[in-house]
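In what follows, a structure is listed as structure tokens, so that the remarks can point back to it.
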Amino acid sequence: MSERPRLSSTWFDGRSPRAQVCELRIESHELVLRVEADERRYPLRLVRWAERRAHGQRQSALPDGSLIQHAAAGEWDAWCQASGQRDTRVVAWMQSWRATLMAMVATLVFMAVAWTWGVPWLSQALAQQVPRSLELRLGQQGLQQLERLFLEPSALSTQQQEALRDRFKSAVARAHQKGQVPDWQLSFHRSKALKANAFALPGGYIVITDDLVNLLADQPDAIVGVLAHELGHVQHRHGLDLMVRASLVSALLGLVLGDASGFLATVPVTLATQAYSRDAERAADAFAADLLAQNGVSPSAMVVFFERIRQGDKPAGAAVEGDRGQRLPIAISSHPDVDERIRFFRQWRAEPARP
Ligand SMILES: [Zn+2]
């Protein structure tokens, strides 16, 4: 075997800051480092070689924590090459591979963060961008599906329906300035599955069941409050937000490409599985309390609704206890935290300095 090229360099033992003159050579799979009479051997694969790309001096870390520093980069590289140290490239590649892995981990962390905080933000922003025409289509399609699944024609008299519709209409008008009155459509339905319940769909489609109208027959203000809660969901676009979130990708594509068919296809699943967030419920409750107050009605009028819903399944003729029509998570009787909401309506105070 021919004589291996030697390189005179500088070595730091890793304990003292004193630089020592050393001599380096590579023998088969080892780096041999000689300091005066002392010879140390390191397996090549454990040496963290200086990267060729790096500017300035070459610095290699040895497995025992010591360090080789070589000021003349060109001289170092030439020695490496002459020693047949092709591995440097591999090691450099390994190091950049490690950097790539770190970058991937960082990307995954970033995506997790984006998923947790970015998606709610993005879906809310997108929900505000959904054009009115698409909002109406989503509402219509959802209503058709729910009619097939859960809803039957109302048994209430037209007179009673009209009286409630008029009452809600004037309450909404009184709580809004002219020209800012939101659009809504109220329909009455009998529903064995949903029992005493109400819900709203994008576009302002509000449905109330006969059972709920009967449950609150002597409390028309509470009915107005329930409908106002549903209108609050519409006004805040909570239903749209749910649908966008459940299908963010197809919603994005639909908005960008103007083809909403993928988005529309997700409506049934969304309605069957998604519930509003607690924040959304609080916002809808606040909307209802505000609307009642602006009509000179105390928001505590809503308390009777919660109390009767809670006992609603117990009177004779009612179905299984505990199943408050929970087949439709967005419907009002499915909402949790009844006690907290009773407290909210009892303790509601008008915000000062409201225009
Ligand atoms: Zn609600």
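The values are calculated or read from the model by the stated rules, or taken from the named source; none is laboratory data. Note that the structure is a prediction, hence the values are computed from the model and not measured. No Cβ is skipped: glycine too gets one built from the backbone with ideal geometry, and neighbour counts run over all protein chains shown.
Does Ala265 satisfy the condition of being farther than 14 Å from Ala127 by Cβ and buried (at least 18 other Cβ atoms within 10 Å of the Cβ)?
Details: farther than 14 Å from Ala127 by Cβ: yes; buried (at least 18 other Cβ atoms within 10 Å of the Cβ): no.
No; evaluated as a whole, the condition is false for this residue.
Could you check how many residues of region 130-171 are of a type in the set (Val, Ile, Thr) and crowded, with 19+ Cβ neighbours inside 10 Å?
Restricting attention to region 130-171, the residues satisfying the condition of being of a type in the set (Val, Ile, Thr) are 130, 158.
Add one more test, that the residue is crowded, with 19+ Cβ neighbours inside 10 Å, and what stays is 130.
The qualifying residues number 1.
With respect to Asp210, determine if the residue is surrounded by fewer than 17 Cβ atoms within 10 Å (Cβ to Cβ), of a type outside the set (Gly, Ala, Ser) and either under 19 Å from Gly142 (Cα atoms) or assigned by TED's automatic domain parsing to the domain that holds Arg165 (or both).
Numbers: surrounded by fewer than 17 Cβ atoms within 10 Å (Cβ to Cβ): no; of a type outside the set (Gly, Ala, Ser): yes; either under 19 Å from Gly142 (Cα atoms) or assigned by TED's automatic domain parsing to the domain that holds Arg165 (or both): yes.
No, not satisfied.
Here is a list of conditions, (1) over 22 Å from Asp241 (Cβ atoms); (2) out of contact with any Ser or Thr (no Cβ under 9 Å at 6 or more places or on another chain), and Gln141 meets all of them except one; can you say which number that is?
(1)
For region 263-275, state whether one or more residues are modelled with pLDDT of 95 or more, among the hydroxyl-bearing types (Ser, Thr, Tyr) and within 16 Å of the ligand (Cβ to nearest atom). Steps first, answer last, please.
Let us first name the residues in region 263-275 that are modelled with pLDDT of 95 or more, namely none.
No, there is no match, as no residue in region 263-275 is modelled with pLDDT of 95 or more, among the hydroxyl-bearing types (Ser, Thr, Tyr) and within 16 Å of the ligand (Cβ to nearest atom).
Can Gln81 be described as at pLDDT below 85, assigned to a loop (DSSP other than H, G, I, E, B) and over 46 Å from the mean Cα position of the chain (by Cα)?
On the way: at pLDDT below 85: yes; assigned to a loop (DSSP other than H, G, I, E, B): no; over 46 Å from the mean Cα position of the chain (by Cα): yes.
No.
Would you confirm whether any residue within region 303-314 is at pLDDT 90 or above and within 29 Å of Val130 (Cβ to Cβ)? Outline the logic, then answer.
Keep residues of region 303-314 that are at pLDDT 90 or above, which gives 303-308.
Now narrow it down to the ones that are within 29 Å of Val130 (Cβ to Cβ): none.
No: zero hits.
Just give me the residues in region 7-20 being without any contact (Cβ under 8 Å) to a residue 24 or more places away in the chain and under 18 Å from Ala50 (Cα atoms), in sequence order.
The one that is without any contact (Cβ under 8 Å) to a residue 24 or more places away in the chain and under 18 Å from Ala50 (Cα atoms): Ser8.
Taking the condition polar (S, T, N, Q) and outside the structural domain of Arg190 (by TED's automatic domain parsing), does Gln144 pass? Before you say what the answer is, go through the steps one by one.
On the way: polar (S, T, N, Q): yes; outside the structural domain of Arg190 (by TED's automatic domain parsing): no.
The answer is no for Gln144.
Would you point out which residue out of Ala288, Ala272 is touching a residue at least 60 places away in the same chain (Cβ under 8 Å), more than 19 Å from Trp121 (Cβ to Cβ) and either crowded, with 19+ Cβ neighbours inside 10 Å or assigned by TED's automatic domain parsing to the domain that holds Arg174 (or both)? Step through it out loud before you land on a result.
On the way: Ala272 fails: touching a residue at least 60 places away in the same chain (Cβ under 8 Å).
The unique qualifying residue is Ala288.
Quick one: His238 ticks every box in (1) more than 14 Å from the ligand (Cβ to nearest atom); (2) closer than 24 Å to Ala125 by Cβ except a single one, so which number is it?
Every listed condition holds for His238 apart from (1).
Does region 178-195 include one or more residues that are within 16 Å of the ligand (Cβ to nearest atom), surrounded by 18 or more Cβ atoms within 10 Å (Cβ to Cβ), among the polar types (S, T, N, Q) and modelled with pLDDT of 90 or more?
no
Please enumerate the residues belonging to region 224-248 that are in contact with a Gly (Cβ under 8 Å, 6 or more places away or on another chain) and over 30 Å from Met302 (Cα atoms).
Residue satisfying the conditions is Ser247 alone.
Could you list, ordered by first residue, the pairs with Cβ atoms under 7 Å in which the first is in region 225-253 and assigned by TED's automatic domain parsing to the domain that holds Arg174 and touching a residue at least 12 places away in the same chain (Cβ under 8 Å) and the second is away from the ligand (no atom under 11 Å from the Cβ) and charged (D, E, K, R), at least 6 apart or interchain?
Leu240/Glu135
Show the residue pairs meeting these rules: Cβ distance below 6 Å; 6+ apart or different chains; first residue within region 65-82 and under 27 Å from Arg15 (Cα atoms); second residue among the hydrophobic types (A, V, I, L, M, F, W, C) and assigned to a helix (DSSP H, G or I).
Once the first residue is under 27 Å from Arg15 (Cα atoms) and sits in region 65-82, its partners that are among the hydrophobic types (A, V, I, L, M, F, W, C) and assigned to a helix (DSSP H, G or I) give His70/Trp76.
Kindly indicate the residue of region 198-213 that is part of a helix (DSSP H, G or I) and under 15 Å from Arg165 (Cβ atoms) and also farthest from the ligand (Cβ to nearest atom) among those meeting that condition.
Kept after step one, since they are part of a helix (DSSP H, G or I), are these residues of region 198-213: 210-213.
Now narrow it down to the ones that are under 15 Å from Arg165 (Cβ atoms): 210, 212-213.
Numbers: Asp210: 20, Leu212: 13, Val213: 18 Å.
Of everything passing the filter in region 198-213, Asp210 is farthest from the ligand (Cβ to nearest atom).
Every residue, every condition in (1) in a helix (DSSP H, G or I); (2) under 28 Å from the mean Cα position of the chain (by Cα), yes or no:
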| position | (1), (2) |
| --- | --- |
| Met104 | yes, yes |
| Ala125 | yes, yes |
| Gly142 | yes, yes |
| Ala173 | yes, no |
| Leu186 | no, no |
